[in-house]
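Can you read through this structure? Questions will come right after.
The values are calculated or read from the model by the stated rules, or taken from the named source; none is laboratory data. Treat the numbers as computed from the prediction; the structure is a model and nothing was measured. Quick reminder, even Gly has a Cβ in these numbers, built from the backbone with ideal geometry, and neighbours come from all protein chains shown. Heads up: the accessible areas ignore ligands, DNA and RNA and are worked out on the full protein's heavy atoms, side chains in. Shrake-Rupley method; radii C 1.70, N 1.55, O 1.52, S 1.80 Å.
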Amino acid sequence: MRSKPIILKLGGSVITVKDKPLTPNMPAIRRLAREIAESQASPLIIVHGGGSYGHPIAAEYKIKEGFKSKSQMAGFSKTHNAMISLNMLVVEALLDEGLPSISLAPSSFIIARRGRIQNLYVDVVEHSVGLGFIPVLYGDAVLDYDMGFTILSGDQIASRLAIDLAAEKIIVGVDVDGLYTADPKVDRGANLITYVTVRDLEGIMGGVGGSKYIDVTGGMRGKIFELIEPIMNGIEVLILNASKPGNVYRALKGEEVIGTRIVRG
Ligand code: ADP
């Protein structure tokens with residue numbers, strides 16, 4: 001690879017309408033494709049979440065809990081198919097902007113063990129990036145050595161790729177301005193944390209000595225958990241609001257943008 005890639009994670013909350021099953025947010029997808037094209041960021045790898053495509057089906061069939069009954073099998077397949085449908089919309093929007101994007105199905109080259117990535121055949125991603133493609137991956141239903149199958153979040157995949165490919169940075173696009181002292185959708189008094197060290201974050205994730213004033217739940221908690229390892233590997237991490245026009249463009253260009261920067265500390 002010519003230089004270190006940027007990993008752009010696009011949250012399911014940004015590219016889908018979260019409370020309407022199987023509903024894409026096409027204006028957001030098209031705008032993000034435009035911002036990515038205008039930034040001319042390269043090499044670039046995109047990973048997106050499931051939002052209202054992956055989550056409802058995966059939850060209905062309890063795919064994340066593993067293979068317990070044959071009745072889940074259709075659900076495994078339907079979860080994957082839903083993600084393929086969403087992925088196709090993202091890839092098509094990028095192609096419409098003239099970008100050489102290419103869909104890579106995580107379940108075809110990743111296998112998990114107890115819900116964690118065990119083997120990821122990184123050559124597939126590395127070689128496609130090396131040729132100049134922009135691989136577009138997603139959170140997916142994957143096979144699991146111990147559990148039969150499970151769900152891998154886009155956040156886990158993005159973090160692992162960042163480590164395996166020694167990425168320059170991970171840009172995590174969500175529907176809030178970054179990491180707050182509490183869920184900003186629930187607590188109006190929550191404050192944006194613009195800069196935080198892993199030492200503080202480890203406190204949040206249940207370690208010792210961290211700051212107890214930060215309340216991180218739901219999707220953000222999972223993100224922070226996944227991001228700690230790449231940060232410890234020296235990879236820059238920025239969490240920003242990808243629902244706000246211009247933020248992804250600016251971050252890809254390396255310009256100042258409102259968000260949360262997390263450093264090793
Ligand atoms: P995505 O689908 O975009 O990957 P999620 O919706 O799963 O993201 O997670 C992001 C959400 O996490 C935010 O929209 C917010 O409601 C929630 N959240 C919980 N705690 C926090 C916090 N301390 N700071 C920011 N967001 C938080």
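For region 61-207, treating each Cα as an identical point scatterer without solvent, what Debye log10 I(q)/I(0) comes out at q = 0.11, 0.13, 0.16 1/Å?
Taking Cα atoms of region 61-207 as identical point scatterers yields -0.56, -0.77, -1.06.
Another one. Show MET232, MET83 ordered by accessible area, largest first, where the area counts protein heavy atoms only and the probe is 1.4 Å.
Ranking MET232, MET83 by accessible area, largest first, yields MET232, MET83.
If you build a Gaussian network model of the chain, linking Cα atoms that sit under 10 Å apart, which residue out of HIS80, HIS127, HIS48 swings the most?
For the chain, modelled as a Gaussian network with Cα springs under 10 Å, the answer is HIS127.
Next question. Keeping all protein chains in place, calculate the accessible area per residue for the chain (probe 1.4 angstrom), answer in Å².
Roughly 46 Å² per residue, with all protein chains present.
Then there is this: Students often get this wrong, so check it: of LYS78/LYS185; LYS64/LYS169; LYS64/LYS223; LYS9/LYS185; LYS20/LYS64; LYS9/LYS244, which have C-alpha atoms separated by over 26 Å?
LYS78/LYS185; LYS64/LYS169
If each DSSP helix of 4+ residues adds -39,500 (n - 2.57) and the sum is divided by the residues in the chain, what number results at 222 nm, nearest 500 deg cm²/dmol?
Using -39500 (n - 2.57) per qualifying helix, the result is -11500 deg cm²/dmol.
Another question, then. At what distance in nm do the modelled label points of LYS20 and ALA166 sit from each other, each positioned 7 Å from its Cα along Cα→Cβ?
4.6 nm
Separate question: Provide the FRET efficiency to the nearest 0.05 for the ASP183-LEU131 pair, computing r from the beta carbons and using R0 = 51 Å.
Plugging the Cβ-Cβ distance into 1/(1 + (r/R0)^6) gives 0.80.
Indicate, rounded to the nearest 5 percent, the antiparallel portion of the DSSP beta bridges found entirely in the chain.
If we restrict to bridges inside the chain, about 35 percent are antiparallel.
If you take the alpha carbon radius of gyration of the chain and divide it by 2.2 N^0.38 Å, what ratio comes out, to two decimals?
My calculation over the Cα atoms of the chain gives 0.95.
Using the membrane-span-like helix rule (whole DSSP H runs, Cα extent along the own axis of at least 27 Å, mean Kyte-Doolittle hydropathy at least 0.5), which helices of the chain qualify?
73-96
Describe numerically, in nm with one decimal, the distance between label points set 7 Å from Cα along Cα→Cβ at ARG221 and at LYS68.
Each label point lies 7 Å from its Cα, and together they span 2.0 nm.
At q = 0.11, 0.15, 0.16, 0.23 Å⁻¹, work out log10 I(q)/I(0) for region 1-120 with the Debye formula, treating every Cα as an identical point scatterer and leaving solvent out; two decimals please.
-0.42, -0.75, -0.84, -1.37
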